[in-house]
Amino acid sequence: MIADRLDVLRARIDAAALAAGRRPQDVELLAVSKGHPASAVREAMALGLDRFGESYATEAVPKLTELNGTAAQWVYLGPIQTNKTRLLAENFSWVLGLCSEKAARRLDAQRPEGLPPLQVCVQVNADGDPAKSGLAPDRLSAFLETVQDLRRLTVRGLMTIPRKAGPGEEGATPPAFEVLAELFAKHVAAGHDWDTLSMGMSGDFEAAIAAGSTQVRLGTALFGPRPARTDARVEGEDTHHG
């Protein structure tokens with residue numbers, strides 16, 4: 001079943017990239033495995049996927065332990081609680097959603113010396129949605145200056161989650177995508193060595209690719225519906241990442 005969904009998704013990603021005048025290989029499919037068992041991750045790995053997104057640190061760690069020794073790379077998605085930073089620093093390769101200097105400094109201090117620097121994307125609340133985490137676009141430059149001295153973190157780019165489309169807006173490109181793409185291009189032109197513009201999920205990834213996304217975060221569209229969680233908001237408010 002995952003194989004069939006993956007074939008469809010890859011065809012859609014390729015078509016969206018080509019329609020935008022881009023190379024399909026320049027768009028990564030990040031498999032959002034949160035809420036799904038290790039067996040689903042193994043099935044996805046057998047199909048060639050190797051990077052997986054998780055949003056609930058305490059739920060993810062047993063899964064990571066079970067799959068230790070495989071080629072899986074783990075990406076944390078979502079708001080960062082300060083009491084979870086050690087789990088993230090010790091177990092994940094990437095963090096998408098950094099927007100707090102305090103969290104950045106804790107991740108830097110707690111990243112084990114034996115591991116490569118933690119790769120991070122800064123989350124920008126590109127459309128001012130009060131229900132979402134992230135920096136306001138005009139605060140990004142100042143934030144980057146505050147974390148530039150952290151040697152155990154490497155900023156790789158930006159990510160965003162657009163606000164939910166309102167009546168009559170279905171199918172339109174979310175304004176957040178265009179705002180973030182412009183912000184990304186501005187900072188790359190200013191000398192930031194970034195390669196990751198993470199935007200687009202199961203319901204809007206083709207619009208994100210058209211706007212310039214280099215990484216789409218696909219969970220439900222790839223793995224199917226997630227089992228219901230009664231505590232889905234325990235570790236952060238941005239529960240929709242794929």
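Restricting the search to the stretch 106-131, which residues are under 12 Å from L150 (Cβ atoms) and hydrophobic (A, V, I, L, M, F, W, C)? Residues satisfying the conditions are L107, A109, L118, V120. Checked across the stretch 156-170, the condition of being surrounded by 15 or more Cβ atoms within 10 Å (Cβ to Cβ), in contact (Cβ under 8 Å) with a residue 60 or more places away in the chain and in a loop (DSSP other than H, G, I, E, B) holds for at least one residue. Given the structure, is A89 of a type in the set (G, A, S), more than 20 Å from V188 (Cβ to Cβ) and surrounded by 15 or more Cβ atoms within 10 Å (Cβ to Cβ)? Yes: the conditions hold for A89. All but one of (1) over 27 Å from F184 (Cβ atoms); (2) in contact (Cβ under 8 Å) with a residue 12 or more places away in the chain hold for G114; which doesn't? Checking G114 against (1) over 27 Å from F184 (Cβ atoms); (2) in contact (Cβ under 8 Å) with a residue 12 or more places away in the chain, the one that fails is (2).
Only one of the numbered conditions (1) under 30 Å from R5 (Cα atoms); (2) in contact with a helix residue (DSSP H, G or I) (Cβ under 8 Å, 6 or more places away or on another chain) is not met by L140, and that is (1).
The rows are residues; the columns are (1) within 17 Å of S202 (Cβ to Cβ); (2) among the aliphatic types (A, V, I, L, M); (3) in contact (Cβ under 8 Å) with a residue 12 or more places away in the chain; (4) touching a strand residue (DSSP E or B) at 6+ places or on another chain (Cβ under 6 Å).
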residue: D4; (1), (2), (3), (4): yes, no, no, no
residue: D7; (1), (2), (3), (4): yes, no, no, no
residue: A20; (1), (2), (3), (4): no, yes, yes, no
residue: V27; (1), (2), (3), (4): yes, yes, yes, no
residue: A31; (1), (2), (3), (4): yes, yes, yes, yes
residue: G35; (1), (2), (3), (4): yes, no, yes, no
residue: L47; (1), (2), (3), (4): no, yes, yes, no
residue: G53; (1), (2), (3), (4): yes, no, yes, yes
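The number of residues in the stretch 1-16 being buried (at least 17 other Cβ atoms within 10 Å of the Cβ) and under 19 Å from the mean Cα position of the chain (by Cα) comes to 3. Taken together, V75, V41 contain a single residue that is hydrophobic (A, V, I, L, M, F, W, C), assigned to a strand (DSSP E or B) and closer than 20 Å to V216 by Cβ, which is V75. Within the stretch 152-197, can you find the residues that are of a type outside the set (A, V, I, L, M, F, W, C), modelled with pLDDT of 95 or more and out of contact with any Gly (no Cβ under 7 Å at 6 or more places or on another chain)? Of everything in the stretch 152-197, those that are of a type outside the set (A, V, I, L, M, F, W, C), modelled with pLDDT of 95 or more and out of contact with any Gly (no Cβ under 7 Å at 6 or more places or on another chain) turn out to be R152, T154, R156, G157, E178, E182, K186, H187, G191, H192, D193.
The values are calculated or read from the model by the stated rules, or taken from the named source; none is laboratory data. Predicted model only: the values in this text are computed from it and were never measured. Don't worry about glycine lacking a Cβ; one is built from the backbone with ideal geometry, like all the others, and counts go over all protein chains shown.
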